[in-house]
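Where a number appears in this text, it was derived from the coordinates with a stated rule and is not lab data. As the structure is a prediction and not an experimental result, all values here were calculated from the model. Glycine also receives a Cβ, built like all others from the backbone with ideal geometry; neighbour counts cover every protein chain displayed.
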Amino acid sequence: MSSFTDNIVIMAVPGARRGLARLLPPGWQRPEWELWDGFRYAVGSLETPAEVISVPKYFRFDGASVPLPLRFFVPMAHPDYIQAAALHDFLLWEGKHNRRACDRIFFEALGVLGMPLFWHLAMYLGVRIGGLKRWRDRLKGWFHAAQD
């Protein structure tokens with residue numbers, strides 16, 4: 001079975017909110033976190049991992065990217081899944097894996113952390129659907145830039 005080989009140690013990073021974000025309640029604002037210690041994740045099996053991912057000390061991430069209306073039900077940072085969110089953000093930032101592989105590893109990591117199946121699937125579907133929207137927005141930006 002896959003495994004996190006180290007616990008996560010994080011610190012909230014104070015951020016300067018601009019525009020309308022300053023008016024949101026603190027729990028609804030997008031936080032930023034920094035790892036105070038790196039951690040490793042063994043993909044596949046701890047005994048014979050297909051890959052060991054090392055997330056470095058001081059890596060910054062934003063927790064789970066939860067749409068504003070759903071933050072009442074799923075906070076952007078919770079001990080049950082914050083380590084999987086940090087791993088997912090690192091994988092996307094690092095760029096060694098495609099989006100589907102990053103999302104698959106996130107799904108696996110949620111299971112390792114013991115998330116109940118309903119929330120496990122809901123969060124996985126959230127990153128898959130959210131990724132499609134971001135990809136579509138990115139394509140729009142590239143298309144407009146190419147026309148200029």
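Here the residues 55, 9, 66, ranked from fewest to most Cβ neighbours within 10 Å of their Cβ, fall in the order 9, 66, 55. For residue 6, the amide hydrogen comes within under 5 Å of the amide hydrogens of 40, counting only partners 5 or more places away or on other chains and with H modelled in the peptide plane. Neighbours of residue 5 by Cβ distance under 14 Å: Lys/Arg scored +1, Asp/Glu scored -1, total -3. Electrostatic bookkeeping for residue 106 treats Lys and Arg as +1 and Asp and Glu as -1; over the other residues with beta carbon under 13 Å from its beta carbon, the sum is +1. When 103, 62 are sorted by how many other C-beta atoms sit within 10 angstrom of their C-beta, beginning with the fewest, the order is 62, 103.
Less than 5 angstrom separates the built amide H of residue 80 from none of the residues sequence-distant by 5 or more or on a different chain.
Between amide H atoms placed 1.01 Å from N, distances below 5 Å from residue 32 occur with 13, all of them 5 or more places distant or on a separate chain.
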